[in-house]
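Okay, structure first, notes after.
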Amino acid sequence: MLRVVEDHLGSNQVSRVIYGTIIGLALVVALEHDHPRPAVMVATLLGTAVAVGLAEFYSEVVGTEVRTRRRVDRAGVREITTDVGAVGFGISFPTVFFLLSVAGAMQVETAFAVAKWSGLALTGFYGFWAARLADAGTLRAVGQATAVALIGAFLVGLKALIH
């Protein structure tokens, strides 16, 4: 398992997962006070993951073809699809908590809270390991993790202020 995480941290998908996580976190925060049913949250997160994924796929294919002046080959499509999957994973990750709520294993309020905190934790995790893998000391890595997680916390706080 550690090797899988290490391989992932060395991949291009890290930035895509973070991007998706921030989108998913924004959805969770934006919809929380509307009190949607957990199944609605599952559908919203998965639908958003598909919509953003399709937009990402289309824009990457067109951007690549414009930049290279050639059609994207199968290897390029596979690479783009992998990146799109990482964005989709980041967006849809909170569905786990809402599915638990649908199954009755978790209250919907708890699902929202865990979804928000897990998004903040994930962005902080990536910030920490980005610094550590770039040879920063532990204290500096904790600082970077905190700074990155504050992006999500800002979103949560902003929503709390305007609601």
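On the basis of being over 28 Å from residue 54 (Cβ atoms), surrounded by fewer than 21 Cβ atoms within 10 Å (Cβ to Cβ) and among the hydroxyl-bearing types (Ser, Thr, Tyr), does residue 81 make the cut?
Values: over 28 Å from residue 54 (Cβ atoms): no; surrounded by fewer than 21 Cβ atoms within 10 Å (Cβ to Cβ): yes; among the hydroxyl-bearing types (Ser, Thr, Tyr): yes.
No: the conditions fail for residue 81.
Can you tell me which residue among 122, 133, 139, 155 is at negative phi and without any contact (Cβ under 8 Å) to a residue 24 or more places away in the chain? Outline the logic, then answer.
Numbers: 122 fails: without any contact (Cβ under 8 Å) to a residue 24 or more places away in the chain; 133 fails: without any contact (Cβ under 8 Å) to a residue 24 or more places away in the chain; 155 fails: without any contact (Cβ under 8 Å) to a residue 24 or more places away in the chain.
Just a single option satisfies the conditions, and that option is 139.
Touching a Lys or Arg at 6+ places or on another chain (Cβ under 8 Å) and among the hydroxyl-bearing types (Ser, Thr, Tyr), is that true of residue 82?
No: the conditions fail for residue 82.
So residue 30 ticks every box in (1) touching a residue at least 12 places away in the same chain (Cβ under 8 Å); (2) surrounded by 14 or more Cβ atoms within 10 Å (Cβ to Cβ) but one. Which box is left unticked?
Just one mismatch for residue 30, condition (2).
For the list (1) out of contact with any Leu (no Cβ under 8 Å at 6 or more places or on another chain); (2) surrounded by 16 or more Cβ atoms within 10 Å (Cβ to Cβ); (3) outside any helix (DSSP H, G or I), I need the number of the one condition that residue 105 fails.
Of the numbered conditions (1) out of contact with any Leu (no Cβ under 8 Å at 6 or more places or on another chain); (2) surrounded by 16 or more Cβ atoms within 10 Å (Cβ to Cβ); (3) outside any helix (DSSP H, G or I), the odd one out for residue 105 is (2).
Is the range 33-56 home to any residue that is outside any helix (DSSP H, G or I), out of contact with any strand residue (DSSP E or B) (no Cβ under 8 Å at 6 or more places or on another chain) and small (Gly, Ala, Ser)?
no
Residue by residue through the range 115-163, note down the ones that are out of contact with any helix residue (DSSP H, G or I) (no Cβ under 7 Å at 6 or more places or on another chain), more than 30 Å from residue 34 (Cβ to Cβ) and surrounded by 18 or more Cβ atoms within 10 Å (Cβ to Cβ).
Answer for the range 115-163, where residues must be out of contact with any helix residue (DSSP H, G or I) (no Cβ under 7 Å at 6 or more places or on another chain), more than 30 Å from residue 34 (Cβ to Cβ) and surrounded by 18 or more Cβ atoms within 10 Å (Cβ to Cβ): there is none.
Can you pull out the residues in the range 33-47 that are β-branched (Val, Ile, Thr) and buried (at least 17 other Cβ atoms within 10 Å of the Cβ)? Walk me through it before giving the result.
Within the range 33-47, the first condition is being β-branched (Val, Ile, Thr), and the residues that meet it are 40, 42, 44.
42, 44, listed by residue number.
Could you tell me which residue of the range 48-73 is nearest to residue 93 (Cα to Cα), considering only residues that are surrounded by 15 or more Cβ atoms within 10 Å (Cβ to Cβ) and of a type in the set (Asp, Glu)?
Our first condition is that a residue be surrounded by 15 or more Cβ atoms within 10 Å (Cβ to Cβ); within the range 48-73, this holds for 48-49, 52-53, 56-57, 60-61, 64, 72.
Filter again for of a type in the set (Asp, Glu), leaving 56, 60.
On the way: 56: 18, 60: 23 Å.
Selected residue: 56.
Quick note: the coordinates plus some simple rules give every number you see, no bench work behind them. Just so it is clear, the structure is predicted and the values come from calculations on it, not from any experiment. FYI the Cβ positions are ideal-geometry reconstructions off the backbone, even for glycines, and counts take in every protein chain you see.
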